[in-house]
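Structure, as C-alpha cells:
The values are calculated or read from the model by the stated rules, or taken from the named source; none is laboratory data. This one's a predicted model, so the numbers in the text were calculated from it and none came from an experiment. We place every Cβ from the backbone using ideal geometry, glycine too, and count neighbours over all the protein chains shown.
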Amino acid sequence: MKICIPIETNKGKGSKVYGHFGSAPFFLIYDDKNNLYEVINNINNHHPHGMCHPMDLLKDKNISIIISGAIGFRALNMLNNAGIRVYKTSGITVEQVLEKIKNNQLEEITIDNACAQHGCHR
C-alpha cells in the first residue's frame, strides 16, 4: 500500500505532517510493502481557493491512503471517488503517523469534518 503524507519540510520520516493537503510544500509517498519513501515538491502549493490540483503530481503513484491535517470538500470528494481514503492527524512526524496506521488509530476525514475553505484546521 502507498500512503501520501503532506509534509512541512523534507526531513524524511522525521518530517512533520502539514496542516492542509493542497497547500503542503512537499508530499512524502511511503510504500509500506518495501519500506521505502520518496518526497515530491508540491509545485502547486500556492493557488486560489478551490483551484488546487495536487493529484496531478500524484496520479501515477498508486496511492491508497492520504494522511493530512485537513482537506477541502472538493478534494476529498475527488479522492474518495478515486478509491483513496483520507485520514486526519497533525503535529506529529511521519514516523509517528506510520505507527498510528499500524495500530488503527487515525480518524477518517469525511464530508462532515472536511474543510469548507482555506485556513480551516478542524
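Summary table below
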quantity: Among residues of segment 52-77, those that are over 14 Å from CYS115 (Cα atoms) and free of Cβ contacts under 8 Å to residues at least 60 places away in the same chain, counted; calculated: 9
quantity: Filter result for the condition that a residue is hydrophobic (A, V, I, L, M, F, W, C), touching a Lys or Arg at 6+ places or on another chain (Cβ under 6 Å) and modelled with pLDDT of 80 or more, over ILE67, ILE71, ILE63, ILE92; calculated: ILE63
quantity: Residues of segment 5-20 that turn out to be over 19 Å from SER64 (Cβ atoms) and assigned to a strand (DSSP E or B), as a count; calculated: 1
